[in-house]
Amino acid sequence: MANSTAAASSSGLYADPREDWLAQYTEEAIDPARPIVDPHHHLWDRGGQRYMIEEMVADIASGHNIIATVYVDCRSMYRASGPEAFRPIGEVEFANGVAAMSASGGYGPAQINAGIVSHVNLLLGDGARPVLEAEIAAGNGRFRGIRHSSAWDAEMEVAGMYAKRPKGILLDPTFRKGFACLAPLNLSFDAWLFHPQIGELVDLARAFPGTRIMLDHCGGPIGIGRFAGKREETFVTWKAAIREIAKCPNVSVKLGGLAMRLLGYDFHERPKPPSSEQAAAAWRPYIETCIEAFGPDRAMFESNFPPDKGQCSYQVIFNAFKRIAAQYSEAEKAALFSSTATDFYRLKLD
């Protein structure tokens, strides 16, 4: 199959996945029968990087019982022509097409892309509504909300491509006019930002208490750039911000995104991939803090594949999550691995 000629879109925040490196280490799936809804993954074919339904199916077939997934915005398959504001509709059409492929049963039992989160430029203000309505129509009952990335930092080593994005977008009055269009359409908002920006999301969540908000990737704790070598100091600041935003009852959190370079661990530079014990030891403080703050009914484990695939396999990442979750009750585990995601994204599962 020929590689896509689309431009590469690496954020600089994660390592490129290497199948040969990942293949050096495997382990048996822990608690393999447990139903899992993976509420955050991407699909793309660009710049020589391919992660489409075939690659996703291969990963989720590595031992865990994945029953459904949620596709999240990554600028895949935008329309090449037409009004700029409406081009992201192509991503919804693409994700829904993949969901239809999965629903055929020809790609295994998991309902891939059972929910779809795409993008609408909320800086359109009131003009965001017709785009949202068009995406709802394109989603064929699967479209659940949008993500408008607000990740920003002045330091290029920290932010990567996000250094070129607008600063303070969540506080922008025009952005908030667009944001106000979500709740009336029963749509949610996925927030991707870095931990110094969590306070801005707190302000937004308090201003719109009727809008359901998902804090992606444990709030984006940083361990690179000027934060390198300051893990304990940064953790204190991050933890305080997590506790503050957890006071907003309309905000939930995704537990993952911790296998990106952003966190500052060097797993991708080691001769062999990490075991689930090693990964769990690194991520436990962040995940336990989030669960303590939000509770299992507002927290969910995510793969964030393929970005997190740069440091560990799908098999290892969910084994690590299961090791961390071992201390919780059966009801709490069920929430963390499936029911919280199912409820938040209003998934219709077979």
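Taking a ≥ b ≥ c as the square roots of the Cα gyration tensor eigenvalues, with a/c under 1.5 meaning rounded and otherwise prolate when a/b beats b/c, else oblate, which class fits region 310-350? Cα axes put region 310-350 in the oblate bin. Ranked from largest to smallest solvent-accessible area, with a 1.4 Å probe on the protein heavy atoms, 161, 300, 77 come out as 77, 161, 300. Treating cross-link reach as a plain straight distance, find the lysines whose alpha-carbon is under 18 Å from the alpha-carbon of residue 230, omitting any fewer than eight places away in the same chain. Cross-link targets: 239. Note on residue 236 and residue 288: their simple-model spin labels are 1.9 nm apart, each label 7 Å out from Cα toward Cβ. The gain in end-to-end length when the residue 165 to residue 270 segment is fully stretched comes to 34.6 nm, 0.36 nm per residue minus the alpha carbon separation. Of 196, 83, 173, the residue with the greatest mean-square motion in the GNM of the chain, using alpha carbon springs below 10 Å, is 83.
Probing with 1.4 Å while keeping every protein chain in the model, the per residue accessible area of the chain equals 39 Å².
The average projected area of region 164-247, computed from the convex hull of its Cα atoms over all directions, is 5.9 nm².
Could you sort 269, 200 by their accessible area in this structure, using a 1.4 Å probe and putting the largest first?
269, 200
Ranked from largest to smallest solvent-accessible area, with a 1.4 Å probe on the protein heavy atoms, 81, 62, 188 come out as 81, 62, 188. Computed over the chain, the per-residue total of -39500 (n - 2.57) for DSSP H runs of n ≥ 4 gives a 222 nm mean residue ellipticity of -9500 deg cm²/dmol, rounded to 500. For region 261-310, the Kirkwood radius over C-alpha pairs fed into Stokes-Einstein at 4 °C and 1.567 mPa s yields D = 105 µm² per second. For residue 203 and residue 228, the FRET efficiency from 1/(1 + (r/R0)^6), where r spans their Cβ atoms and R0 equals 35 Å, is about 0.80.
The mean of 1/r over all pairs of different alpha-carbon atoms in the chain, once inverted, gives a Kirkwood hydrodynamic radius of 20.1 Å. Across region 62-183, the fraction of Cα-Cα pairs farther apart than 25 Å, rounded to a whole number, is 33%.
Which shape class applies to region 20-59: rounded if a/c is under 1.5, otherwise prolate when a/b exceeds b/c and oblate if not, where a ≥ b ≥ c are the square roots of the Cα gyration tensor eigenvalues?
Verdict is oblate for region 20-59.
Measuring between alpha carbons in the structure, the pairs from 322/348; 167/247; 272/309; 247/322; 164/272 lying more than 23 angstrom apart are 322/348; 167/247; 247/322; 164/272.
Relative to one another, the C-alpha centroids of region 36-53 and region 173-238 are positioned 23 Å apart.
For region 1-122, the mean projected area of the C-alpha convex hull, equal to one quarter of the hull surface, is 9.2 nm².
If you average over every viewing direction, what projected area does the convex hull of the Cα atoms of region 39-111 give, in nm²? That works out to 5.3 nm², a quarter of the Cα hull's surface. Look at the Cα gyration tensor of region 191-337: its axes a ≥ b ≥ c give a/c of at least 1.5 with a/b at or below b/c, and that counts as oblate. Straight-line cross-link reach from residue 333 at under 16 Å between alpha-carbon atoms covers these aspartates and glutamates, not counting any fewer than eight positions away in the same chain: 31, 38, 288, 292, 297, 302, 343.
The values are calculated or read from the model by the stated rules, or taken from the named source; none is laboratory data. Keep in mind that this is a model prediction, so the values were computed, not measured. Quick reminder, even Gly has a Cβ in these numbers, built from the backbone with ideal geometry, and neighbours come from all protein chains shown. Just so you know, the surface numbers come from the protein's heavy atoms only, side chains and all, with ligands and any DNA or RNA stripped out. Shrake-Rupley method; radii C 1.70, N 1.55, O 1.52, S 1.80 Å.
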